Amino acid sequence: MAKLNSRADFISFRNSCQEALNRETKKILVCGGTGCVAGGSLEIYESLRRIMEEKGISVAIELGHDNIHRDVVGIKKSGCHGFCEMGPLVRIEPQGWLYTKVKIEDCQEIIEKTIIAGECIDRLAYTQNGEIFRKQAEIPFYKKQTRTVLEHCGHINAASVKDYIGVGGYSALEKALFDMTADDILDEVSKSNLRGRGGGGFPAGRKWRSCARQQVTPKYIVCNGDEGDPGAFMDRSIMEGDPHRLIEGMIIAGIAIGSNDGYIYVRAEYPLAVERLRIAIAQAEELGLLGDNILGTEFSFKMHINRGAGAFVCGEGSALTASIEGKRGMPRVKPPRTVEHGLFDKPTNLNNVETYANVPMIICDGAEAYCKIGPENSPGTKAFALTGTIKNTGLIEVPMGTTLREVIFDIGGGMRGDAKFKAVQIGGPSGGCLTEKDLDIPLDFDSLTKAGAMIGSGGLVVMDDKTCMVEVARFFMNFTQNESCGKCVPCREGTKRMLEILERIVEGNGRDGDIELLEELADTITNTALCGLGKTAPSPVISTIKNFRSEYEAHIYQKRCPAGACSKLKRYVIDPELCKGCSLCARNCPVGAITGEIKKPYIIDQDKCIKCGVCASACKLKAIREEA
């Protein structure tokens, strides 16, 4: 690819990319996101490519000028399609068909029936309640989504700058360079009311303007791609599926605040995201969209990737910048803020991946168009990772203000196995749990804060009535305690004490006053911890006590788990009416806790029983039951 030295060069190159895309009369888009790759999607991609070549079909693996004068079938490794529950996924264009749970043995049929004959293979289409959904857009999981940040994920070659430019990519950068001043960009971002998607919801325009006002140079643009919340993978999917969108947003931020250097901090556990980012940066540099004198202008911008070691605390701004500098990732006292003294003690603008990925749309379409999506106080969309005991798990994007009910029951399809909805943990270890009474709360920053929760980075863990809420609190506290950097006493020691109490409770050793002690410790940590992660660490505990206090009391005073989930509080009993005295349970018990005489009901010694459940599995008469 030749370097583009002017706006005219860029426009000409974009036109050629669009023409090449239009020549791809048919496209096969194989999901190349981490989930589908784990399910074998790369092998499916290679098999489809090989079969087409063997049949003499003109195949375009890479978008290029060599295929703009003939019709071809484009085959691409795309980013995450989102419907992870049904992967590996293969999308067929121009029909918009989506094939689910594709296997290697399906490849021959896909080429012969779909690519050659133009027929949809119904057995590979998504089916719900007996109804076949051939088109992706008609599947209930996608129908209520509004994909703007994720619009290209699953629709273009994730590792091709030509594909990105062909669908309009880098047009926002072109506009920012040639038609706008730095103040114009700051005004547009401020008017859009874009709020940080990393969890805090701080207005991006205000942060950018604060950094732009600083007189000290150099300044830095930093992207937080660490994403440490359990079950969250929104930022990972953007970096894997549309890396150029992130890069474009960061370059525009650089123009706005007067920075010539950008750093993307990615956790090392995201190797595919790191690989795609490296490819994207190299491609952008080759075209002259990164580096010195971008598109022949006086503006220069260079991009760097830093891999983190997976420390949750490095999601906090000052700990993240310390880690980039090669120091131990630990928060510092604020003020001064990162916009004043950040990376290398210089003014730094720090946002997360999704925040920067919103910028190209705002610059291209304008703040007014952006504000038409979602509520006034939280415009735009939000990506969520939908996990837990729900039918349709995966990556979704909905307008801010969408209710939990719509997300869980319309997009998510409701509870798995028709279980009863119990709660949803939103915001990860820093968030809180919401219950049935909260299902109609709009998902926006202010509404969730009033409800005692937070959007966080976008993790949504849905739980059914078989979930123990005390164990949920213990799980998140264990995560936070392990991830505490240890710098401040309230977080280091306070979370440890809270974890010890929670562990005692789920093991059946809870004591009178434990709930009150948890509340007291939570209050102290919240008010005295050094950083935001420490201050919010008790949130899952407080929200579960608030909404499920009776479960805590049952664990402590009755020594039982109402959900039947805590193994130490389970009881296996033998129904004497059903037991025929066959001794099968006693022979299978690993600790000899079951005694009795042949042809008479057997008895379980509760002091010896380790609650393994082997006896219940062995009993053919179903005489052994579990009591909560």
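Listed values, structure above:
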{"item": "Candidate lysines - alpha carbon under 23 Å from K568, same-chain residues fewer than 8 apart omitted", "result": "K422, K466, K496, K559, K608, K611, K622"}
{"item": "Using θ = phi - 60° and Karplus 6.51 cos²θ - 1.76 cosθ + 1.60, couplings along the range 175-186 (whole Hz; Gly, Pro as x)", "result": "5, 5, 6, 10, 10, 9, 9, 4, 5, 4, 5, 4"}
{"item": "Considering only the range 12-140, percent of DSSP beta bridges that pair antiparallel, nearest 5", "result": "55"}
{"item": "Nonlocal amide H pairs with V339, under 5 Å, H built at 1.01 Å", "result": "T348"}
{"item": "Amide proton proximity set for G79, modelled H, under 5 Å, gap of 5+", "result": "G32, G154, H155, I156, A158"}
{"item": "Alpha carbon centroid spacing (whole Å) that separates the range 281-353 from the range 569-628", "result": "61"}
{"item": "Loop-located GluC sites (Glu not before Pro) in the range 446-515 whose Cβ has at most 16 other Cβ within 10 Å (DSSP)", "result": "E507"}
{"item": "Calculated from backbone phi, Karplus (6.51, -1.76, 1.60) coupling profile of the range 140-151 in Hz, x at Gly/Pro", "result": "x, 4, 9, 4, 9, 8, 10, 9, 10, 5, 9, 4"}
{"item": "Inter-centroid distance (Cα atoms) of the range 359-383 relative to the range 415-456, Å", "result": "24"}
{"item": "Loop GluC sites (Glu not before Pro), the range 511-583 (other Cβ atoms within 10 Å of the site Cβ: 13 or fewer; DSSP)", "result": "E577"}
{"item": "Protection-proxy order for peptides 596-604, 185-193, 73-81, each taking the mean of Cβ atoms within 10 Å per residue, highest first", "result": "73-81, 185-193, 596-604"}
{"item": "Proxy reagent accessibility, fewest Cβ within 10 Å first, across H152, H304, H555, H341", "result": "H304, H341, H152, H555"}
{"item": "Built amide H within the under 5 Å cut-off of N352, gap 5+", "result": "R197, G198, N224"}
{"item": "Two-site FRET efficiency, D523 against E62, from Cβ-Cβ distance with R₀ of 35 Å, rounded to 0.05", "result": "0.05"}
{"item": "Per-residue HN-Hα couplings for the range 308-317 [Karplus 6.51, -1.76, 1.60; θ = phi - 60°; Hz; x = Gly/Pro]", "result": "x, 8, x, 7, 4, 5, 6, x, 7, x"}
{"item": "Sorted by Cβ neighbour density within 10 Å, fewest at the top, the residues L395, L434, L272", "result": "L272, L434, L395"}
{"item": "Antiparallel bridge percentage (DSSP; both residues within the chain; nearest 5)", "result": "55"}
{"item": "Sorted by Cβ neighbour density within 10 Å, fewest at the top, the residues V353, V398", "result": "V398, V353"}
{"item": "Crossing angle, helix 7-23 versus the chain [Cα axis fit, 0-90 degrees, rounded to tens]", "result": "60"}
{"item": "Helix-only [θ]222 nm of the chain, DSSP H runs n ≥ 4, -39500 (n - 2.57) each, per residue, nearest 500", "result": "-10500 deg cm²/dmol"}
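FYI, it's all coordinate maths here, none of it is from the lab. Please read these numbers as outputs of a predicted model, since none were measured by experiment. Don't worry about glycine lacking a Cβ; one is built from the backbone with ideal geometry, like all the others, and counts go over all protein chains shown.
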